[in-house]
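The values are calculated or read from the model by the stated rules, or taken from the named source; none is laboratory data. Owing to the predicted nature of the structure, the values given are computational and were not obtained by experimental measurement. All Cβ positions, glycine included, derive from the backbone under ideal geometry; neighbour counts span all protein chains shown.
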Amino acid sequence: MAKGFITLDDGRGFAPRWRAYDMVLQLVIDGLGEDPYEQKFKQFLQGLIPNPDVPEENSTGDALFVRQSDGLTIFRNLDLRSLTRRNQQLFWEALQRSYRNIRLGAPHQGTELFWTSVRKLLRMRRAAARRTSPYVDNDWSDGVLEPFDGTKIVPGWVEEP
């Protein structure tokens, strides 16, 4: 049963199990560089998954967890349309970079569920880029999410012209 949710540009949804969701975001985090902008984005993404060094945040298999640093309940949900174009590009580049590095031999704790999930998300991204029907290769049982209203979720970050 899905416990993590990522919405792609065209409204199609990726809905893996919670552990695969966390591992995908960790791959993106690991693939980001040292540039100050990328570090800000990395901090934002780190707040969306449990901190592995804080046992109280370790998930019990639910779509929610309580972030111990501030007591907020975090829902495992990331709508990529709510990121700036630059952050969307960083997300995909970091995911592909990390995935490629692991395939070339970098150590990782990935399970078959994890690898299947990463390959599926990258396949969905390619389908969205080719503008194939979002109803194909979509985990949302009710179709696609409505068009996005343009609100950005990261305070202080504005869309570039």
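For this structure, a couple of remarks:
- Residue in segment 10-18 that is under 15 Å from the mean Cα position of the chain (by Cα), on the phi > 0 side of the Ramachandran plot and in contact (Cβ under 8 Å) with a residue 60 or more places away in the chain present: yes
- Residue list for segment 11-21, filter: crowded, with 22+ Cβ neighbours inside 10 Å and out of contact with any strand residue (DSSP E or B) (no Cβ under 9 Å at 6 or more places or on another chain): 12, 20
- Check on residue 6, hydrophobic (A, V, I, L, M, F, W, C), over 24 Å from residue 115 (Cα atoms), in contact with a Pro (Cβ under 9 Å, 6 or more places away or on another chain) and outside any loop (DSSP other than H, G, I, E, B): no
- Every residue from segment 80-94 that is farther than 20 Å from residue 50 by Cβ, touching a residue at least 40 places away in the same chain (Cβ under 8 Å) and not polar (S, T, N, Q): 80, 81, 83, 85, 86, 90, 93
- Taking segment 55-131 as the region of interest, the strands (runs of 3 or more DSSP E) fully inside it that hold 2 or more residues being modelled with pLDDT of 80 or more and not hydrophobic (A, V, I, L, M, F, W, C) are 77-79.
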